[in-house]
Ligand code: PMP
């Protein structure tokens, strides 16, 4: 069989494997970025489905408009205004089937074969793969503790000129590093990029999972030109199984996104959207988020405690203030793929850091998810990993 050339760009199966590993029996998996499934409000979701089927059953089981269920779009627009001061009208919100679909649509809209996409690195593998599927050339930009380094952005824009078609960033509790951009860097970035006619995808998948009361303003908040496309999701704050997410863009761009959404799947699931709208209207999602973030904070603290106790001191990290991940750095020259081989033999999994670099390899880092394993599994798995790391670094 002859496959499309894009398949050659899609050889990295780390994300696929991470998702599979999480399902392997007996595995203590710190690999996939799953929320903690015991936090899903199953009874409330069931009740919301029952109510929707009782009162709007026929509409819920029909096709929905391509832009999504109007009431849900309205509720999302209001929520984003209340939380982040984002001023999107209902017509500037389209519901997508997971934010992964929004990333796919954004790639489809802007990327021709060989176009350059600028990325903060390391970055989310799923976005890397979505962009690779359109045969983009991915150019990695370095970050520091404040966010994307603007001098490198400028250099890349000078070097690649008109070939740059898109910039993709995750400013909050980033996947994989758990770091967030400072408010100052966000403003500077938006000011700087306003001189260029290049769209920016702001992936806000983790923005509400803060361990502190304060939420940073999104890039979109500072954007006066309609240059930033904002992508949000209920996957991490509620549950991923419904596949309900959204994309916000100003009118002209929205027209194009709707054409693509229609071509992709006509519409997202009507029943899932209606149950989400029911939940948002009748329950308190913010109270739910508070509950899950305190659980994740506990798990983060536990993981940090075991790291401090069991891992060699040469292993570096930055304590994440939200999100689902801790990013560890082994000394230069060490390879986390080798550590993974040994860990898998002991039934512990994580994702080696090299997979998060779309171009150029750096193999001495690793990503650990702390949300998805219970306390005793974190202690057991991290103790094993600590001992294996000690042995490996001593060689
Ligand atoms: N963006 C980021 C940064 C993610 O980590 C993920 C999932 N892990 C997604 C988008 C996709 O999430 P979903 O499709 O479930 O909304």
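A short reminder: the numbers here are calculations on the coordinates, not readings from a lab. None of these values were measured; they are calculated from a predicted model. Backbone-built Cβ (ideal geometry, glycine too); neighbour counts: all protein chains shown.
What are the extents of the Cα atoms of the range 238-360 along their three principal axes, listed from largest to smallest and rounded to whole Å?
Principal-axis extents of the Cα atoms in the range 238-360, largest first: 51, 38, 30 Å.
Compute the separation of the alpha-carbon centres of the range 320-354 and the range 137-170 and state it in Å as a whole number.
Between the Cα centres of the range 320-354 and the range 137-170 lies a distance of 26 Å.
To the nearest 500 deg cm²/dmol, what mean residue ellipticity at 222 nm is calculated for the chain from DSSP H runs of n ≥ 4 alone, each contributing -39,500 (n - 2.57), summed and divided by the residues? Before the final figure, lay out the partial values.
Values: 13 runs with 175 residues, N = 395.
Calculated mean residue ellipticity at 222 nm is -14000 deg cm²/dmol.
Rg(Cα) of the range 42-282 divided by 2.2 N^0.38 Å? Each step should come with its number before you reach the end.
Numbers: Rg = 17.9 Å, N = 241, 2.2 N^0.38 = 17.7 Å.
Taking the Cα Rg and dividing by 2.2 N^0.38 Å, one obtains 1.01.
If packing is taken as the average number of other Cβ atoms within 10 Å across a peptide's residues, how do 149-156, 223-230, 26-33, 372-379 rank, most packed first? Don't skip to the end; give the middle numbers.
Numbers: 149-156: 14.9, 223-230: 19.0, 26-33: 21.1, 372-379: 17.2.
Result, highest mean first: 26-33, 223-230, 372-379, 149-156.
Alpha carbon centre of the range 212-262 versus the range 68-116: separation in Å?
For the range 212-262 versus the range 68-116, the Cα centre distance is 4 Å.
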